[in-house]
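Engineer: Dropping a structure here in structure tokens format, bear with me for questions.
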Amino acid sequence: MFKNIILTSRRTLIKNKIYTLVNIAGLTIGIAVYILISAYVSFEKSYDHITGNPEGTYRVESSFYKGDQLTDSWPTSTNGYATAMKANFPEIASIVRINWNNSERVVRYNNIKYREEHVCFADTNFFSFFNYPLVKGDPKTVLKEVNTIVISQSAAQKYFGHADPVGRFLDVGTLDGNIHCMVSGIFKDIPKNSTMQFNFLISWATTPLFLRDFWYLHESYTFLKLKPGANPHAVEAKFPALAERYKTGLSLKNLKWAITLVPLNDIHLNPAKQYEIEAKGNRTAVQFLGILAYIILLIACLNYINLSTAKAIDRSREVGIRKVSGANSIQLMLQFLFESFIITGISLMLGIVLVAFAAQLLPQLMGNNLSLGLLFSTSLYLKIALVFFGSVLVSGIYPAVLLSRLKPVAVLKGRYNFSKTGVIMRKGMVAFQFAASLVLIAGTFAVYRQIIYMSSQQLGVNIEQTLVIKAPVKTPDYAKKAESFKQMLQNIEGVSGVTTSGAIPGKEVAEFLSNRRFGASKNEERLYEMLKVDHDFIKDYHLQIIAGRAFDKARPADSTGVILNQAAVKQFGFASDEDAIGKQVWLETKETKPDLVIGVIKDYHQQSLQQNYTPVILFMDPAFQWVPAKYYSIKFSGADPDRIITAIKKTWDGYFPESSMDWFFLDDFYNKQYQQDIQFGRLFLLFSSLAILIACMGLFGLTAYSTSKRIKEIGVRKVLGASVSRIISMLTFDAVKLVLLSSLLALPLSFLFIKQWLDSYAFKAELTWWQFTIPVVVLLFISMATIGYITFRAALANPVKSLKDE
């Protein structure tokens, strides 16, 4: 029996080459897409699993309430949270801190120096709490002593080559000072699917004593593990009362301090907050792509079902003869299931080969952080096995049941035709395919339209032809050197302006003070972003003054003046921009003399258009020397930036030989904020194209088959005088109806999905009727192009050939 099944299957598949190739091509693409998307989704969901079992591990995030209103929410906590919570909450099994404040530091070993992004302070138990493997050193002691540092394998190779770094010293510097640290251990490089990316950890004991448990700087990540059975919400509920005992200062005293315990494995896909250091994923995108993987696979399977049932009428005589010869329903079902097994098996192998080729482009398309090892992980193999057997059953069971139920007598007399229900079902399957394709086209169009909208909007700040240099580490006579360095830069040919600031466009200000209007009660204090600038910042960045004036070097009193953006004016409660001029405000920590509002600038986009305007205060007050100017912004003209960079580098080395010169062009830096949106758009474009391709393969096959069945009808119509255009319109009418039917289903879904996605943007392109009409027109064009050759050829065929046997 099995030999007969194999021979029959081989003969059938070879005989129907076109349909076999269409089925294999569709399933191959569907399986390959499923594997690729599943790998990406698995990667996004795999964050922080290296730390061991993430269950029961939480990050302590800070929230502030005025009454019942949430005023601010940060992923960070103060250094003091950990010790106070551990001492007062018996539900906590262990707790650990890692401090990211000013973590960008210049690291030096002899003449080797690099600016490293994340050089952090961590608690003694960091490597015991997390499962970051140590290559050298005891996890209980590597961070115990003062001025000790643990480095990654990559950092060890970078600074020490093949020499053993343990016991050697690194100099770690910022604008705040320098630390001479002994290397006490080496850890394996942090995997890409970790929210925390670092190469250097300094012992917590190295932190200045007054800061180790300080309650008024929210600049650390605090993680805790709860004891078995402990309720995280119970811990959250107890924290505000604990905070009342420890927040002894005046700042934010009127607000309710609260925390949220966020599960470790939820952090990566949660929306980004201020102060967050990791690159966040997009939960909505990941969930949609996970659904999309199954939809595209289902489209491929539906194609196979459609073509198999459409071709079934050609095999009805074969089935009738086999039944008359004694074959039972089970044997017939095995025959068709085996054919499905062969087609799906070939498709699976080709799909894996296609994935192997696509894997070379995957990191660029889906993000450079993706680990290609996940393409062939054990869990993915299990999914592939389930997909394979599921595809065999889904793609083979319906045609098998349908054909095995045929009545031999009716079939052999040539009176058998499939029911109208079957025809409607096949058309419904095609309509579903086109509906899914239409959602994808509309989604792709919306994503790129939003990207174009964001990139074409006026930012309110000039970021063109701007070279930014990161400030050097602390050096003797730094203030004098910095001012002299700035003056020297202005003398370079092609440089039109130089300004220093605490942040630059494209970077969050990240310095907060709790401030209030002069004469207001402490209960009216709110947090404001404090942007340290110099006299040239407003001029060089072309910020628009809409009330008052900018800082003036000829007015010494301006050093204690402040300039507000419009969002800050509203938050302070001034009646208008003009009303704010001449008023005074109290700045946190400065309680002896208020600062005078001398100007108001128009709101500008400090960050991407995904973020709303935030209250920002521009200041120069010497009372806040502890707020550093971290960047030199150099405005240049001309077409030879390389010459200017060379001249700047020569000047830099003369003033700051201890520090590396790290620079970038501001427009490139700013536009990197849209990288995730661009990546999302590429994914949509790719997978919508593949979904449409698979759907069109099915439409092509069904049109070819239905046209072949109507060839005599076409001949009769031509003999009776029907024109070529009339016949073409008759043959394409079904496809047009299917596209329009799909639109009725897809357009409401598209609208809901696009609206939900756009709601995450503070500034977004408006939804218009034509952005939903264009995808329908595109799909109509694609479907017409798909079946155009077949219908045109059928319409031009000589009717004599089709009618000569009648």
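The values are calculated or read from the model by the stated rules, or taken from the named source; none is laboratory data. The model shown is predicted, which means the values in this text are computed figures rather than measured ones. Note that each Cβ is placed from the backbone with ideal geometry, even for glycine, and that neighbours are counted across all protein chains shown. All accessible areas refer to the heavy atoms of the entire protein, side chains included, with ligands and DNA or RNA removed. Shrake-Rupley method; radii C 1.70, N 1.55, O 1.52, S 1.80 Å.
Engineer: How much length is gained on full extension from TRP626 to ASP662, taking 0.36 nm per residue of separation minus their Cα-Cα distance? Mind showing how you got there, number by number?
Structural biologist: Working: separation 36, 0.36 × 36 = 12.96 nm, distance 2.23 nm.
This chain segment gains 10.7 nm when fully extended.
Engineer: Net charge near GLY173: determine it from the other residues with C-beta under 14 Å of the C-beta of GLY173, scoring Lys and Arg +1 and Asp and Glu -1.
Structural biologist: Result for the local shell: +1.
Engineer: Among rounded, prolate and oblate, which fits the range 219-279 when a ≥ b ≥ c are the square roots of the eigenvalues of its C-alpha gyration tensor, a/c under 1.5 means rounded, and a/b larger than b/c means prolate?
Structural biologist: oblate
Engineer: Can you give me the C-alpha center-to-center distance between the range 169-224 and the range 575-637, rounded to a whole angstrom?
Structural biologist: Cα centroid to Cα centroid, the span is 30 Å.
Engineer: Okay, next question. Could you work out the relative contact order of the range 457-612, using alpha carbon pairs under 8 angstrom and six or more residues apart, expressed as a whole percent? Walk me through the numbers on the way to the answer.
Structural biologist: Numbers: 218 pairs, mean separation 41.8, N = 156.
Dividing the mean separation by the residue count of the range 457-612 yields 27 percent.
Engineer: On the accessible surface of the range 641-770, probed at 1.4 Å, how many percent belong to carbon and sulfur atoms?
Structural biologist: Here it works out to 65 percent.
Engineer: If you don't mind, another one. Using heavy-atom solvent-accessible surface (probe 1.4 Å) with all chains present, what is the largest-first order of TRP663, TRP74, TRP769?
Structural biologist: On the way: TRP663 105, TRP74 10, TRP769 185 Å².
Largest accessible area first, the list is TRP769, TRP663, TRP74.
Engineer: At a Förster distance of 41 Å, what's the computed FRET efficiency of GLU236 paired with LYS427, Cβ-Cβ distance as r, to 0.05? Please list the in-between numbers first.
Structural biologist: Values: r = 54 Å, r/R0 = 1.32.
Efficiency, from the Cβ-Cβ distance: 0.15.
Engineer: Within the range 657-675, what residues put their amide N at less than 19 Å from the label point 7 Å along the Cα-to-Cβ vector of GLN458?
Structural biologist: Correct set: none at all.
Engineer: Another question about this same structure. Residues in the range 118-149, backbone N under 15 Å from the label point at LYS86 (7 Å along the Cα-to-beta-carbon vector): list them, ranges by number please.
Structural biologist: Residues 122-130, 140-145 qualify, since their backbone N sits under 15 Å from the label point.
Engineer: Which percentage, to the nearest 5, of the DSSP beta bridges contained in the range 63-209 is antiparallel?
Structural biologist: 75 percent
Engineer: Given a cut-off of under 8 Å on Cα pairs at least six residues apart, what relative contact order in percent is computed for the range 501-557?
Structural biologist: Here the relative contact order equals 31 percent.
Engineer: Separate question: What's the FRET efficiency of ASN270 with LYS570 using the Cβ-Cβ distance as r and R₀ = 30 Å, to the nearest 0.05?
Structural biologist: Efficiency, from the Cβ-Cβ distance: 0.60.
Engineer: Suppose the chain between ILE330 and LYS474 were pulled fully straight at 0.36 nm per residue; how much longer would it get relative to their current alpha carbon spacing?
Structural biologist: Extra length from ILE330 to LYS474 when fully extended: 43.6 nm.
Engineer: Report the paramagnetic label zone for SER637: residues of the range 487-511 whose backbone N is under 15 Å from a point 7 Å from Cα along the Cα-to-Cβ axis.
Structural biologist: The answer is 490-498, whose backbone nitrogens lie closer than 15 Å to the label point.
Engineer: ILE545 versus ASP579, label points 7 Å from Cα toward the beta carbon: distance in nm?
Structural biologist: For the pair ILE545/ASP579, the computed spacing is 2.3 nm.
Engineer: Along each principal axis of its Cα atoms, how long is the range 542-623 end to end? Whole angstroms, biggest number first, please.
Structural biologist: 38, 27, 24
Engineer: Of all DSSP beta bridges located in the range 500-609, what percent are antiparallel, nearest 5?
Structural biologist: About 70 percent, rounded to the nearest 5.
Engineer: While we're on this one: Between the DSSP loop rule and a limit of at most 11 other Cβ atoms within 10 Å, which chymotrypsin sites (Phe, Trp or Tyr not before Pro) in the range 24-128 are left?
Structural biologist: Answer by residue number: there is no such site.
Engineer: If each of PHE169 and LEU749 carries a label point 7 Å out from its Cα toward its Cβ, how far apart are those two points in nm?
Structural biologist: A separation of 6.6 nm, rounded to one decimal place.
Engineer: For LYS280 paired with PHE518, estimate the spin-label separation in nm (one decimal), with each label point 7 Å from Cα along the Cα-to-Cβ line.
Structural biologist: Simple spin-label model gives 3.8 nm for this pair.
Engineer: Extension gain LEU693-SER760, at 0.36 nm per residue separation less the Cα-Cα distance, in nm?
Structural biologist: Going from the current span to full extension adds 21.0 nm.
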